[in-house]
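Asks: Below you will find the structure I want to go over with you.
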Amino acid sequence: MTKPANAPNAPAATAPKAFEKTAAIILAAGQGTRMKSTTPKVLHTIAGRPLVHYPVRAAIEAGCEEVIVVVGHGRVEVEGYLKKAFGDRVKTALQEEQRGTGDAARAGLTRVGAEIARVLVFYGDAPLLMADDVGAVVRSLVDVEGAVLSLAICELADPTGYGRILRGADGNVIEVREQKDCKSDAERAIREINPGIYASSVEFMREAVGALTPNNAQGELYLTDIVAFAANLGKRVVPVTSRAEVLVGVNDRAQLADTEGTMAARIVRKHRVAGVTVRAGARIDDGVEIAADAIIETNAVLRGTTTIGKGAIVDVGCVLTNAEIGDAVRLQPYSVVTDSKVGLRAQIGPFSHLRPESVIEEDAHIGNFVETKKTRMGKGAKANHLAYLGDGIVGEGSNVGAGTIFCNYDGFQKHTTVIGKNAFIGSDSQLVAPVTIGDGAYVGTGTTVTRDVPADALAIGRAKQENKEGYGTRLRARLKAAKDAAATKK
Ligand code: UD1
Ligand code: CA
């Protein structure tokens with residue numbers, strides 16, 4: 001298949017100047033109590049990836065030289081995910097006890113390399129932010145003369161739960177005050193809030209978080225207090241207006257769903273703009289790639305690392321997980337494809353089930369109620385109805401009839417069925433693996449094949465048919481008499 005032009009996640013081509021010597025510190029150690037879950041908050045998923053994936057990606061795409069994720073709660077799982085997804089590109093710092101966002105930033109600072117000049121600190125529970133959102137905050141720090149600290153701000157119609165931005169008489173930002181620490185209704189009514197993206201020199205950040213005290217309603221070290229720290233020293237704090245809708249943090253599952261809705265709309269829009277027809281109600285994970293002119297119908301679900309080729313049709317209700325779908329493939333409704341490959345122009349479904357490691361080569365057909373597993377269907381081969389093809393290799397141009405079963409499992413081991421090219425497997429046959437059917441061979445309908453069939457041979461293994469003339473009448477008479485005798489007895 002051709003490589004889709006709209007491949008997501010492409011890193012920024014060149015890192016902007018401001019990001020040289022910049023380290024991102026992403027705070028992700030909290031338990032996320034409000035999720036009411038045994039899974040660490042940042043590992044809850046939206047659009048097929050854990051929450052923490054998105055802020056890390058934003059930092060990488062923004063061109064940050066170092067990316068440090070502060071872990072704590074569910075540390076082993078979070079580190080495991082980061083390693084798998086980002087390899088050595090991401091370092092972690094351990095926050096032993098979750099004593100607040102300020103303490104978490106302090107933990108992150110311990111891992112910042114000696115060469116680094118600036119830090120960008122933000123939260124791991126804000127999946128909608130993108131490289132530009134965090135980038136703008138660093139850029140302001142660099143561009144604004146005398147700036148010591150820059151932070152994102154935005155206005156929300158409903159600011160509930162967010163830290164409020166307090167401004168002095170001269171309009172300068174002087175403090176971020178948490179909802180729980182607001183002293184009046186007037187403060188709670190402030191709609192300018194703190195989305196939680198901060199940039200400063202490493203030196204200033206170390207000094208500011210070093211000075212934090214747990215002097216607040218939650219008894220925590222608040223990262224937000226670095227703002228008052230800077231303002232009290234008479235230093236310049238630069239507010240950077242950000243897009244409100246993308247900076248919403250996820251604290252509970254209602255917000256998780258809202259955020260996923262926004263993310264899903266963003267993903268669908270990206271594909272539509274890139275030339276894919278995506279009908280309303282289709283769901284596409286972040287990691288999916290789709291080439292132009294493909295059609296994704298209502299209620300199709302595309303998950304994981306699925307790729308869809310040019311002009312392919314994914315019809316209503318198909319569920320694809322890590323599937324590689326070639327150009328011009330037609331997946332008819334309600335087909336399920338998992339960890340499998342479908343080649344050029346192949347036709348699948350409706351109601352087909354391709355289980356892991358199935359490879360359907362070009363122009364092959366897999367029809368309704370056919371299940372494959374670890375099976376390769378050669379070019380143009382067909383299995384159009386009701387079959388189980390497990391652990392098989394089916395040669396080019398062969399036809400597998402309705403009701404055929406590859407008997408691949410003996411209760412202990414799996415065995416392979418090999419069918420050569422242009423063979424014909426009659427309906428309702430059982431091929432007891434390991435077994436090989438040669439090129440051009442025939443298997444008669446209803447045969448149980450237990451021995452290899454040579455090329456061009458006919459294998460037939462069924463009882464010979466006998467027709468008894470007039471037997472129907474005699475049988476009916478006998479059965480009726482038996483019934484009448486039973487009735488008179490009663
Ligand atoms: C925080 C901000 C608030 C802002 C909001 C934006 C503070 C004190 N408040 O509040 O002003 O409006 O985000 O969404 O910073 N974390 C740790 N270690 C800890 C505590 C938290 O790593 O000890 C991490 C969490 O995993 C989370 C992030 O920091 O990813 C934010 O913590 P959270 O408790 O969600 O802060 P909010 O109450 O949302
Ligand atoms: Ca939060």
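The values are calculated or read from the model by the stated rules, or taken from the named source; none is laboratory data. This is a predicted model, so every value here is computed, not measured. Backbone-built Cβ (ideal geometry, glycine too); neighbour counts: all protein chains shown. With ligands, DNA and RNA removed, areas are computed over all heavy atoms of the protein, side chains included. Shrake-Rupley method; radii C 1.70, N 1.55, O 1.52, S 1.80 Å.
Asks: List the residues whose amide H sits under 5 Å from the amide H of Ile437, counting only those 5 or more places along or on another chain, with H placed 1.01 Å from N in the peptide plane.
Replies: So Ile437 has HN proximity to Val418, Ile419, Gly420, Val453.
Asks: Further question on the same structure: In square nanometres, what is the average projected area of the Cα convex hull of segment 253-459? Show your work: numbers first, answer last.
Replies: Working: hull surface 45.8 nm².
Mean projected area for segment 253-459: 11.5 nm², to one decimal.
Asks: Would you mind pulling out the separation of the Cα centroids of segment 276-342 and segment 412-455, in Å?
Replies: Value for the Cα centre distance between the two parts: 33 Å.
Asks: Using only DSSP helix segments of four residues or longer, with each worth -39500 (n - 2.57), what per-residue ellipticity at 222 nm results for the chain after dividing by its residue count and rounding to 500?
Replies: Values: 9 runs with 105 residues, N = 490.
So the calculated ellipticity at 222 nm is -6500 deg cm²/dmol.
Asks: Would you mind checking which residues have amide H under 5 Å from Thr92's amide H? H placed 1.01 Å from N; only 5 or more apart, or other chain.
Replies: Excluding prolines and chain starts, which carry no amide H, the hits are Val69.
Asks: Right, next: What is the spin-label model distance, in nm, from Thr39 to Arg272 if the labels are put 7 Å beyond Cα along the C-beta direction?
Replies: Distance between label points: 2.8 nm.
Asks: List, in order, the whole-Hz ³J(HN,Hα) value for each residue of segment 335-351 obtained from phi through the Karplus relation with A = 6.51, B = -1.76, C = 1.60 and θ = phi - 60°; use x for Gly and Pro.
Replies: Each residue's phi maps through the Karplus curve to give 9, 10, 10, 10, 6, 9, 10, 10, x, 2, 6, 5, 10, 10, x, x, 6 Hz.
Asks: Now for a separate question. Hey, what did segment 149-197 get for relative contact order, percent, Cα under 8 Å, at least 6 apart?
Replies: Details: 76 pairs, mean separation 25.3, N = 49.
It rounds to 52 percent for segment 149-197.
Asks: In 10 Å bins starting at 0, how do the alpha-carbon pair distances of segment 394-478 split up by percent?
Replies: Calculated over all Cα pairs of segment 394-478, the distribution is 19, 42, 18, 11, 10, 1 percent.
Asks: When ranked by the protection proxy of mean other Cβ atoms within 10 Å per residue, highest first, what sequence do the peptides 463-474, 152-163 form?
Replies: 152-163, 463-474
Asks: Once neighbouring chains are kept in place and the probe is 1.4 Å, which whole percent of the accessible area of the chain is contributed by carbon and sulfur?
Replies: 51 percent
Asks: Helix 253-273 against the longest principal axis of the chain: what's the angle in degrees, Cα atoms only, rounded to the nearest 10?
Replies: It is inclined by approximately 70 degrees.
Asks: Can I ask one more? According to the Cα gyration tensor, what semi-axes, each the square root of 5 times an eigenvalue, does the equivalent ellipsoid of the chain have, listed from largest to smallest in whole Å?
Replies: So the three semi-axes of the chain are 64, 25, 20 Å.
Asks: Provide the packing ranking of 438-451, 196-209, 51-64, i.e. peptides ordered by the mean count of other C-beta atoms within 10 Å per residue, highest first.
Replies: Descending mean neighbour count gives 51-64, 196-209, 438-451.
Asks: What list of ³J(HN,Hα) values in whole Hz, one per residue of segment 399-416 in order, does the Karplus curve 6.51 cos²θ - 1.76 cosθ + 1.60 (θ = phi - 60°) give from phi, with Gly and Pro shown as x?
Replies: Karplus-based 3J(HN,Hα) across segment 399-416 equals 10, 10, x, 4, x, 6, 10, 8, 7, 9, 10, 9, x, 10, 10, 9, 10, 9 Hz.
Asks: Sticking with this one: When only C-alpha pairs under 8 Å and at least 6 residues apart count, what is the relative contact order of segment 171-255, in percent?
Replies: Numbers: 54 pairs, mean separation 32.6, N = 85.
With pairs under 8 Å counted, the relative contact order is 38 percent.
Asks: Run the numbers on the chain and let me know its relative contact order in percent, using alpha-carbon pairs under 8 Å that are six or more apart.
Replies: It comes to 9 percent, rounded to a whole number.
Asks: Ranked highest first by average number of other Cβ atoms within 10 Å, how do 379-390, 77-88 line up?
Replies: Result, highest mean Cβ count within 10 Å first: 379-390, 77-88.
Asks: Still on this model: Would you mind working out the accessible area per residue for the chain, using a 1.4 Å probe, and quoting it in Å²?
Replies: 47 Å²
Asks: Please list, ordered by chain and number, the residues whose modelled amide H lies under 5 Å from the amide H of Glu324; skip anything fewer than 5 residues away on the same chain.
Replies: Thr307, Ser340, Lys341, Val342
Asks: Please compute the Kirkwood hydrodynamic radius over segment 372-422, one decimal place, Å, based on all pairs of different Cα atoms.
Replies: 10.9 Å
Asks: What's the Cα-based Rg to Rh of segment 96-232, Rh via Kirkwood?
Replies: A ratio of 0.94.
Asks: A follow-up question, please. Could you give log10 I(q)/I(0) at q = 0.08, 0.09, 0.10, 0.14 Å⁻¹ for segment 17-247, computed by the Debye formula over C-alpha point scatterers of equal weight, without solvent?
Replies: These q points yield log10 I(q)/I(0) values of -0.26, -0.33, -0.41, -0.84.
Asks: Give a residue-ordered list of calculated ³J(HN,Hα) values for segment 386-392 (Karplus: 6.51 cos²θ - 1.76 cosθ + 1.60, θ = phi - 60°; whole Hz; x for Gly, Pro).
Replies: Karplus values, whole Hz, x for Gly and Pro: 6, 8, 10, 10, x, 6, x.
Asks: Can you list, largest first and rounded to whole Å, the semi-axes you get for segment 331-404 by taking the square root of 5 times each eigenvalue of its Cα gyration tensor? Numbers along the way, then the final one.
Replies: On the way: eigenvalues 39, 33, 29 Å².
Semi-axes (√(5λ), whole Å): 14, 13, 12.
Asks: Taking R0 as 60 Å, what's the FRET efficiency between Arg476 and Ala257 from their Cβ-Cβ distance, rounded to 0.05?
Replies: The formula returns an efficiency of 0.40 here.
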